[in-house]
Amino acid sequence: VIQKMDPYFPFSKSVEMYARSYAAMKIDYKGAEMCLDLLDRKGKYSNGFCHWPVPAWVKPDGSWQPSRTNFTSLADPSAVGSGHTALVTLMHEAGHAAHFANIKQPSPLFSQERAPTSVAYAENQSMFLDSLVEDAAWMGHYARNSNGEPIPFDIVEERIKSTHPFAVFKLRAMLAVSYFEKALYELPNEEVTPERVMQLADEVEKSIQGGFSPRPLLSVPHILSDEASCYYQGYTLAEMSVHQTREWFKKQYGFIVDNPKVGPTLEKAYWECGNSKNFLDIVRDLTGKDLSGDAWTAALEESVEDRIIRERAEYDEMISKLSSGDAEENDIDLNMVVEFKDGDELIANSSDGGLLSACKKFEAFVTSKISSDP
């Protein structure tokens, strides 16, 4: 399925598709500067991440300090599936950047990624926005081949059939990490030996996942890194919030993809407060319910047939909107300056010709790189 999807997710177009999608949702970066280093290369740190040398905050004189963000990923443009992976990474890390660009508090301490900013609070924003890439409506608009043709729903349907029945394993894999850490920290000191730790990992995999995991617990980097201890449970809490927030948007507005209410709603409900409010409180304040796994469970319980019917209707509605509406905007504005780099090499800067022009330069750079690679 990934191979069939690949022509509709060209890596060279990934930054433009991310930017158009965010612009349609009226996401505003409040004058931020963002540097993107997206391509893999020899010696590059092996992980995608985002960080803020300058956090956003309101100064004592009332003036605004925009954020400055750097983020990186490890895309290989020639690899099958790289375009889809790049888009998910872009939507995710750019969600972090949008969140931290919109924190309006009287100190930079409210807009930094360390405690008391919780993992669940930070990841909720990014995971909500990257979840859209899997929506048929999103693919109907943005997943297009070199001729501009949208991905056929037959391929979307095949993906649903090949992934949805196994989605519960993602939940179990996430839970297994936290249960392993809990069991590990509860071990008596005299039992903390390499042999016992490996045995404990096997026991947790069997009890939570029903057998040995294709990704062994001891290969999860968060467990091995002291600054990420007990970090992983935040992903589970964030995923619960993602589904609960998606459910709220669907009930409130009927749709999420290209909904101009999304950006302003997230800004006011989730972003402006920074870490001045508790994660559980902001979810309750927006959705009207305490955080729970109900929406996530409901999504997992949806049958393959029902999901195909629902996604087909949303896909058809998007295609109909596009066919009857105006052409794509000739320019897009996220209210930020974006710089695309490949290591020390500057590819494009949006201050020279606008964001769409910078995206086109990035596209040309990637296309040239693919054609010149042996």
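The values are calculated or read from the model by the stated rules, or taken from the named source; none is laboratory data. Since we're looking at a predicted model, the values are computed, not measured. Positions of Cβ are generated from backbone atoms using ideal geometry, with glycine treated the same way; all protein chains shown enter the neighbour counts. Keep in mind that these areas ignore ligands, DNA and RNA; they rest on the heavy atoms of the full protein, side chains included. Shrake-Rupley method; radii C 1.70, N 1.55, O 1.52, S 1.80 Å.
Collect the residues in region 26-60 that are modelled with pLDDT under 95 and not in a strand (DSSP E or B), keeping them in residue-number order.
Answer for region 26-60, where residues must be modelled with pLDDT under 95 and not in a strand (DSSP E or B): ASP40, ARG41, LYS42, GLY43, LYS44, TYR45, SER46, ASN47, GLY48.
Do you know which of the residues in region 102-147 that are open to solvent by 40 Å² or more (accessible area, probe 1.4 Å) and more than 30 Å from PRO60 (Cβ to Cβ) is modelled with the lowest pLDDT?
The residue in question is SER146.
Look at LYS261 and say whether it is surrounded by 14 or more Cβ atoms within 10 Å (Cβ to Cβ) and charged (D, E, K, R). Give the steps one after another, and end with the answer.
Working: surrounded by 14 or more Cβ atoms within 10 Å (Cβ to Cβ): yes; charged (D, E, K, R): yes.
So LYS261 fits the description; yes.
Scanning for something modelled with pLDDT of 95 or more, loosely packed, with under 15 Cβ neighbours inside 10 Å and farther than 20 Å from MET25 by Cβ, does region 311-330 turn up at least one residue?
There is at least one residue in region 311-330 that is modelled with pLDDT of 95 or more, loosely packed, with under 15 Cβ neighbours inside 10 Å and farther than 20 Å from MET25 by Cβ.
Restricting to region 331-353, and then to whatever is exposed (fewer than 15 other Cβ atoms within 10 Å of the Cβ) and within 24 Å of the chain's Cα centre (by Cα), can you tell me which residue is modelled with the highest pLDDT?
First pass over region 331-353, keeping only residues exposed (fewer than 15 other Cβ atoms within 10 Å of the Cβ): 331, 333, 335, 343-346, 351-353.
Next cut, within 24 Å of the chain's Cα centre (by Cα) only: 331, 333, 335, 343.
Working: ASP331: 75, ASP333: 91, ASN335: 97, GLY343: 91.
If we take residues in region 331-353 being exposed (fewer than 15 other Cβ atoms within 10 Å of the Cβ) and within 24 Å of the chain's Cα centre (by Cα), then ASN335 is modelled with the highest pLDDT.
Would you say SER162 is polar (S, T, N, Q), assigned to a helix (DSSP H, G or I) and surrounded by fewer than 18 Cβ atoms within 10 Å (Cβ to Cβ)?
Numbers: polar (S, T, N, Q): yes; assigned to a helix (DSSP H, G or I): yes; surrounded by fewer than 18 Cβ atoms within 10 Å (Cβ to Cβ): yes.
So SER162 passes the test.
Just one of the numbered conditions (1) part of a loop (DSSP other than H, G, I, E, B); (2) within 28 Å of the chain's Cα centre (by Cα) is not true of LEU187; which one?
Result: LEU187 passes all but (2).
Test each condition in (1) open to solvent by less than 40 Å² (accessible area, probe 1.4 Å); (2) closer than 27 Å to LYS261 by Cβ for GLU33 and report the one that comes out false.
Failed condition: (1).
Which of the residues that make up region 208-246 are surrounded by 14 or more Cβ atoms within 10 Å (Cβ to Cβ) and either without any contact (Cβ under 8 Å) to a residue 12 or more places away in the chain or among the β-branched types (Val, Ile, Thr) (or both)?
Once the filter is applied, which keeps residues that are surrounded by 14 or more Cβ atoms within 10 Å (Cβ to Cβ) and either without any contact (Cβ under 8 Å) to a residue 12 or more places away in the chain or among the β-branched types (Val, Ile, Thr) (or both), region 208-246 yields ILE208, VAL220, ILE223, ALA228, THR236, VAL242, THR245.
Which residues, taken from region 107-160, are under 18 Å from HIS96 (Cβ atoms) and touching a strand residue (DSSP E or B) at 6+ places or on another chain (Cβ under 9 Å)? Break it down stepwise before answering.
Keep residues of region 107-160 that are under 18 Å from HIS96 (Cβ atoms), which gives 108-133.
Listed by number, the residues that qualify are PRO108, LEU109, PHE110, SER111, GLN112, GLU113, SER126.
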